[in-house]
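Taking it in order: structure first as structure tokens, then the write-up.
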There are 4 protein chains.
Amino acid sequence: MTTDLQQARLEPRAHTRASVEELARRYSTWGRWGADDELGAANHVTQETVRHAAGLVRRGAVFPLALPLEGDGPQLGAGGRVNPQHVMLRTPAEEMFDDGGLVRFSDDAVYMALQCSTQWDALCHIFYDGQAYNGRDFSSVGAVTGARHNSITNLTDRAAGRGVLLDVGRFVGRELEPGESIQREHLEACAQAQGVQVGTGDFVLVRTGQMTQRRGAWGDFSGGPAPGLGVSTADFLCPRDVVAVATDTWGIEALPYEAPDVVAPLHVILLAYAGIYIGEMWDLDALAADCAADGVYEFFLTAPPLTITGSVGSPITPLAIK
Amino acid sequence: MTTDLQQARLEPRAHTRASVEELARRYSTWGRWGADDELGAANHVTQETVRHAAGLVRRGAVFPLALPLEGDGPQLGAGGRVNPQHVMLRTPAEEMFDDGGLVRFSDDAVYMALQCSTQWDALCHIFYDGQAYNGRDFSSVGAVTGARHNSITNLTDRAAGRGVLLDVGRFVGRELEPGESIQREHLEACAQAQGVQVGTGDFVLVRTGQMTQRRGAWGDFSGGPAPGLGVSTADFLCPRDVVAVATDTWGIEALPYEAPDVVAPLHVILLAYAGIYIGEMWDLDALAADCAADGVYEFFLTAPPLTITGSVGSPITPLAIK
Amino acid sequence: MTTDLQQARLEPRAHTRASVEELARRYSTWGRWGADDELGAANHVTQETVRHAAGLVRRGAVFPLALPLEGDGPQLGAGGRVNPQHVMLRTPAEEMFDDGGLVRFSDDAVYMALQCSTQWDALCHIFYDGQAYNGRDFSSVGAVTGARHNSITNLTDRAAGRGVLLDVGRFVGRELEPGESIQREHLEACAQAQGVQVGTGDFVLVRTGQMTQRRGAWGDFSGGPAPGLGVSTADFLCPRDVVAVATDTWGIEALPYEAPDVVAPLHVILLAYAGIYIGEMWDLDALAADCAADGVYEFFLTAPPLTITGSVGSPITPLAIK
Amino acid sequence: MTTDLQQARLEPRAHTRASVEELARRYSTWGRWGADDELGAANHVTQETVRHAAGLVRRGAVFPLALPLEGDGPQLGAGGRVNPQHVMLRTPAEEMFDDGGLVRFSDDAVYMALQCSTQWDALCHIFYDGQAYNGRDFSSVGAVTGARHNSITNLTDRAAGRGVLLDVGRFVGRELEPGESIQREHLEACAQAQGVQVGTGDFVLVRTGQMTQRRGAWGDFSGGPAPGLGVSTADFLCPRDVVAVATDTWGIEALPYEAPDVVAPLHVILLAYAGIYIGEMWDLDALAADCAADGVYEFFLTAPPLTITGSVGSPITPLAIK
């Protein structure tokens, strides 16, 4: 059965500062886990959710969901977001010890923007009207210390659980085009079509297909017009108490944004108010092909951040294990 | 029952270039998986080993095994190995958009040596007599490209499986001292005492207790005298077809090295010949305390590297899940 | 004639917030060159001062005044100030073109704190009570843009003129000890003994001898107790309309600071109020030996910063030419 | 008088490996200053040349010749050559001391390719047939140490002298186009037209006008087709015993190169054989306008490198002082 949702272009909906703030208030979890909480939706990760999720491993198939970190990546350099600069500190061409060159080592280093590729946004990544998640003010992120609160390192021991792929691109039968905006209904219909439900403690991965198109010829993939989640998807994600949502696009949201007077409105609602983590530039294609083949869209997911003290985001190598 | 192995100081054994090369030949896997193989012992990771390992998750308890990545870390700077330099590219103190400062972001970057903290050594990390794993010569690692072969990125989709902790420190009832050298017999006796067996596809984590002593007051932790694995542990690890071995020390091996004329002899045998991955500076204390409490020393482990193209090592955030 | 000034330990004098602020007010040049001025004392550099200074080149002897920029430098890493990390992007060991390896290049890169070694402080390096030179507030230096005002790049075309060495170490016949504090009288007596006068548009270099002692065994050279300029030297420098003052110490001032309730009081007076540039960790030994030999303590000096947009300091290679 | 040289397109000339090698042999200075020499043509810098050059300062006008070092610079990222990444380590937005925020500092750092903008190539920047200047082999530049020989730091105390501008762009009355190749005759005619002579110890700056066209809209300025020096200019530069030659282009040479089978043939002759230093991406426009106005094309020049131990190139802020 092909539904109307699958045939039409996914149109953005008009939002305003007022409508965005209404959703932010509705789904705010500030104070829900205490005034000092920095975990946000990661509070939904429990031994039960992890144990149950591990039980989803039926074949032992491992799908890494990270792009290569390399100089030819999607970054354009704006705001200091360059692609990773990998440098060798030592190559085996040189003798190292006084042993006639018998034993030699290679060593390396990297300069990288932490948001340059497949990554997590921390809850302190975005501030709205002076505040980040749970009311933290600007002083919570400084140039010297980085994040004093709401760092992505908070997620470290909670970055495991049930992953659910919602392959919206496959659901509508094509790779979404820049500007197309996935709405709550699309997520609901896609989940239903896939025979999967989203619930408490889940990590939701939404595939638009944009990375499928742009891989290796990135152009304006970073920051340009993009398909993505519309503001209404907050109505899908927040009530289900998910931990995180990730997409195969630069910034999860449909671009241009649906609210002309609020930049990144869904980031505001999810990160700053609901405390839901955001994953960007996840490479979902191999996983999606496998899910399409076996009809199983749920799996065990691990995606711990690097433990960089004070970091406001992190490159990651998520593993989906079926 | 307290055995002699637990009472005495763990003495290093005398090795020579000849004895090291004999072990290297004995345990070499060059050609075992084809002339072009770059996976080495990661070939032992199969859907079966992963599926079985996931079944070890009984409680859903997650133990991250990474040190904090920060300026106060264990590095001393030799050879360019500085501690991570985390820098902010953007803080919320500044307005970003033409929106009266309503929405603001924070962004960050890092300069880091890839071997600076909890990490994997790639199979190309060490060369012996001109060759790395499977006979790759110096041209396999260049300054521009990094590793053309044997990069740690090869491990990405194999970095999951059964982890086994051998808590030698607890077994002998104390934190090992610099220079103490764990031998094959200690690993066997420790495994037996813990009631655990090591087998094909396992990731073996050996705790000496040195990190317990040095945490936060690192001194010469990096490169100085250290407790660690003796050369004879190759006789334990290699026949069991393990994927990797990791310790809570700077460089897994007892320092000073047991062979006066071969630097890092166990690295030579394991990395360059057996193709067994080496993990260093893993923080095993919390996991070890839990294992001591419940008597269960096996668990599901994920430890994928960053996907830096050409990297010869990687910082990681291993997760042990029980 | 040996004076009392030369025999006694150079004692620090007691200052307070009030006395520091009194000097700051007295020597403030805010508004002197207009409300938008960012040059400060570099306004004293004119074609006349440059032309006259060039006329001081009598022999053609060139003295570079920069320390080596290397991993073994004086930095300890606090606040992200690591020693320079020089990395090779390309070595000739690798073929580059499809020419049988005939032509090969080497290339390199560096990660470095801009204040890590011989350097200039920009006028925006220090803020007192919310303001930097000429009343600029905190918004004048942001994490994304760096310095929007008072960047060290302002000095670029003014970084030439007459240099005068005041070799206080040699004047008192020894290398000064940590805590010794050079006062106005010492500078006056030293200049008189050397037969040199300091005037408008000059770059004043003061040698304590600390670098002579510490070179290569830096210890707490960066930030630890140090000989240096006392607050009263403002009475010497400011009325003479000098452009800049530089020393062979980490931070020009005697440490501990003379004012218990104002950090870096001389920085406050000179940088933030008088607009006088501060040079730190200049290597004056070879120049000083030459000046002692020929009795000529004036010379042509060039010391342009790197032109890093928004930089608040810069590594430099000053040249003194006699 | 307008000559033919000024009217026609500056055509490249056909060279071959044989003709390039013939010039390399002819102008080689290997051994001229001893088997261990690393200075090359910097040996021509003497106290006499410096003293004479300082005498060229008649007005005291200072012309910095450096581009801004910033993220929007000319680099495209190939081979790790990214534009400078300037990052703040500290901004005044944060309190630093326990003083109620009274005194605050700003600090910064940079990650930069050393050849990213206005720069010097070291004599070890290029190897031909296995050797760099004075016969140094590949082992002279390693990944760990950088340059063990022929580092740009050798130039530090010789980076001063007489600068001569040859404004070829103005001489032919237009900005040269990509592919146009300046020949020996053009330099001779331009010098004659300008009434200036080039001699021993000079630093020769050649303006093509390409930077005038491309400034701020760099496109393929780095590495793309470019006007520049033809191979025959070696016949102008080498016999005159110049120290260095610099242009306002990415790589001094006309691109495409004149020799199809030798990459960068003029680099080979000048850097590897004659030991003449090469300056690239020098911003000559303001200086050139001044020279055109007063008819004086000679000046005092200082252009010391950063003192990064082992560096094979360096960003610089050259000062031309008239």
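So the values come out like this:
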item: D_trans [Stokes-Einstein, Kirkwood Rh over alpha-carbon pairs] for the stretch B:76-140, 20 °C, 1.002 mPa s, µm² s⁻¹; result: 137
item: Efficiency of FRET between residue A:35 and residue C:294 - r from beta-carbon atoms, R0 56 angstrom, step 0.05; result: 0.20
item: Spin-label pair residue C:215/residue C:78, simplified geometry with 7 Å Cα→Cβ offset, distance in nm; result: 2.5
item: Label distances, nm, residue B:97 versus same residue in remaining copies, Cβ-directed 7 Å point; result: 4.0, 4.9, 5.7
item: Packing-based ranking, highest mean first, of D:10-16, A:151-157 given that Cβ atoms within 10 Å are counted; result: A:151-157, D:10-16
item: Net charge of Cβ neighbours under 15 Å - reference residue A:141; Lys, Arg +1; Asp, Glu -1; result: -4
item: Inter-centroid distance (Cα atoms) of the stretch B:148-173 relative to the stretch A:157-193, Å; result: 34
item: Cβ-vector label at 7 Å, residue B:139, separations to other copies in nm; result: 2.1, 6.0, 6.1
item: Convex hull volume per residue in cubic angstrom - Cα atoms of chain A; result: 155
item: Those lysines that a straight Cα-Cα span of less than 27 Å connects to residue C:322, excepting residues fewer than 8 apart in one chain; result: D:322
item: Value of relative contact order over chain D, rounded to a whole percent, pairs C-alpha under 8 Å and six or more apart; result: 31
item: Teacher prompt: residue A:223 distances to equivalent labels in other copies, 7 Å Cα→Cβ, nm; result: 2.1, 3.4, 4.0
item: Proximal charge balance of residue D:244 [Cβ under 14 Å; K/R count +1, D/E count -1]; result: -1
item: Spatial separation of Cα centroids for the stretch B:198-262 and the stretch A:35-82, in angstrom; result: 30
item: Span-rule helices in chain C, defined as complete DSSP H runs reaching 20 Å or more along the axis (Cα) with Kyte mean at least 1.0; result: none
item: Amide H partners (placed H, <5 Å) of residue C:87, local residues excluded; result: C:109, C:110, C:111
item: Backbone N within the stretch B:264-300 under 14 Å of label point (7 Å from residue B:26 Cα along the Cβ vector); result: B:266, B:269-270, B:274
item: P(r), alpha carbons of the protein assembly as shown - 20 Å bins starting at zero, rounded %; result: 11, 36, 36, 16, 1, 0
item: For residue D:44, net neighbour charge (Lys/Arg +1, Asp/Glu -1) across residues whose Cβ lies under 9 Å away; result: -1
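Read-outs throughout are calculated quantities, based only on the coordinates presented, and are distinct from any laboratory measurement. Quick caveat, the model's predicted, so the values are computed rather than measured. Note that we place each Cβ from the backbone using ideal geometry, even for glycine, and neighbour counts take in every protein chain shown.
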